[in-house]
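Written out below as structure tokens is the structure these notes cover.
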Amino acid sequence: MTTKKQVNKKEKRKFHINQKLIISLIIIFIGLYIGMVIIAIFGYNPLTLFTATWEGNFSSLKEFGNFLSVFTWMTFIGLGALVSFRAKIFNIGIFAQMVAGGLFGYLFAALVVWPGRIGVMFSILIPVATGIFIALLIAFLKNRYNINIVVSSIMLNWIVFWIYRYFRNPINAPYLFNGGSVPMNIDPSNSLRFDWLTNLFPGSTINIGIILLVIIVPLIWFLYSKTSFGIKQGIIASSEDISLYSGINYKSEIYKAMALSGALSGLAGATFYLGTNQSLPVVGNDLPLEPFNGITIALIGFNNPIGAVFGSLFISLFENAKVYLNVYSDENIVDFIMGIIVLFISGANYFLIYSPQTKIVNWINKKQEVKLEQKTNTKDMKKDKTIETENQYKDQKKQKEYKIIALEKGKKANTVYKQQYLKMKNRKKNKHEEKVDKGGNSE
């Protein structure tokens, strides 16, 4: 039997989820609208944003397969960011975890040949283990030496980036280039692409990461919604003191959250480098932006696994259509739209978490209540004064009446007293006269 409290909690949760969904949709619409305005300002047709998106994702089975491939690693990196954000850990080291996982997975897949498809298992496990190792290193620096997670994440991002560039240089790693300027592809036996899957989408980069994604997303949702792990992660997100008072080991929970985040980021690296690309893509002198899309996905999904899937779906549509956008307008418009969405989503998150609007409304209501109290007090004072004056007037009237009554009584009393006094006087006179008469007779 469900109680009224449980029903109210469910209704509040549904309202909260619907509120977040509406906010996400509104912000996405705002981002698209501003992007279309910018395209129009630069002299292009705004509708090319949608035509390029359609042609880049749904014009053929190949493009749709490529879209699913991008959607796979995008969702994994989004889940990696989401897991850490739910514990209030700003793990921007997802870049290092994804790139290092993909790099070491590539080194194995390119240099080691296993019989059959046994190597596929290692092509998944090595990136996952690498991502976990880097994530745990960040957590260790936080728990042991209290080093800010953002600082250590940024440093590791750049360390991994320069390690990646080292192996991407044919002078430093000639064994990966075979005398050419482009790194060799991984061995087909270690690739995450399978013939039976690529035959469904001929010529595409789709890989078994999509199958892993279908399995892992419900598991992540179940883990956070139905198990004690999700409850503990929510408690440590609220406050370290609350977790300690409730008997939860705060540091161990951070290790768990970071390990899971690193594993998912490593899976993103595996599907990106060993599934989508089969090699090491070219990078410039700055950090590639692809892994940081996970932060945008987590924010759009409001740290919900199902929401992250839809956020990844939206971003993957534009990310996969960049080539077509470059033909019709400019591929950089995608990054511009993502920036606008992140800006507005961050503001929406601030309003939802800290709710300054309710504080402002409460402050205004309190001021109005104080004013009403002052008004009522002044009215009451006036009423009291009028009542006091009326009572004083009545008392004065009564006092006057009492005085009049007392005077009248006094007058009556005086007349009676005078009459009695005169009677007494007359009696005394009569007695005295009688005595005088009796004395005269005796003589």
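Some notes on this structure:
- Among the residues of the range 111-135, those identified as surrounded by fewer than 16 Cβ atoms within 10 Å (Cβ to Cβ) and under 17 Å from ALA263 (Cβ atoms) are MET121, LEU125.
- Candidates GLY339, GLY269, GLY284, filtered to the one that is open to solvent by less than 20 Å² (accessible area, probe 1.4 Å) and either over 20 Å from ASN57 (Cβ atoms) or out of contact with any strand residue (DSSP E or B) (no Cβ under 7 Å at 6 or more places or on another chain) (or both): GLY269
- Checked against the criterion of being touching a residue at least 60 places away in the same chain (Cβ under 8 Å), out of contact with any Asp or Glu (no Cβ under 9 Å at 6 or more places or on another chain), under 14 Å from LEU267 (Cβ atoms) and of a type in the set (Ser, Thr, Tyr), the candidates SER84, SER123 yield just one match: SER123.
- The single condition from (1) in contact (Cβ under 8 Å) with a residue 12 or more places away in the chain; (2) open to solvent by less than 60 Å² (accessible area, probe 1.4 Å); (3) of a type outside the set (Gly, Ala, Ser); (4) in a helix (DSSP H, G or I) that TRP158 fails is (2).
- Applying the condition of being open to solvent by less than 20 Å² (accessible area, probe 1.4 Å) and of a type outside the set (D, E, K, R) to the range 249-262 and asking which residue is farthest from ASN66 (Cα to Cα) yields ILE254.
- VAL214 falls short on exactly one of the conditions (1) out of contact with any Ser or Thr (no Cβ under 7 Å at 6 or more places or on another chain); (2) under 20 Å from LEU125 (Cβ atoms); (3) buried (at least 16 other Cβ atoms within 10 Å of the Cβ), and that condition is (3).
- Test: ILE41 is open to solvent by less than 60 Å² (accessible area, probe 1.4 Å) and β-branched (Val, Ile, Thr): no
- Taking the listed residues ILE364, ILE353, the one that is at pLDDT below 75 and among the aliphatic types (A, V, I, L, M) is ILE353, with no other qualifying.
The values are calculated or read from the model by the stated rules, or taken from the named source; none is laboratory data. Only a predicted model underlies this, so the values are computations on that prediction, with no experimental measurement involved. Backbone-built Cβ (ideal geometry, glycine too); neighbour counts: all protein chains shown. Surface areas here come from the heavy atoms of the whole protein model, side chains and all, with no ligands, DNA or RNA. Shrake-Rupley method; radii C 1.70, N 1.55, O 1.52, S 1.80 Å.
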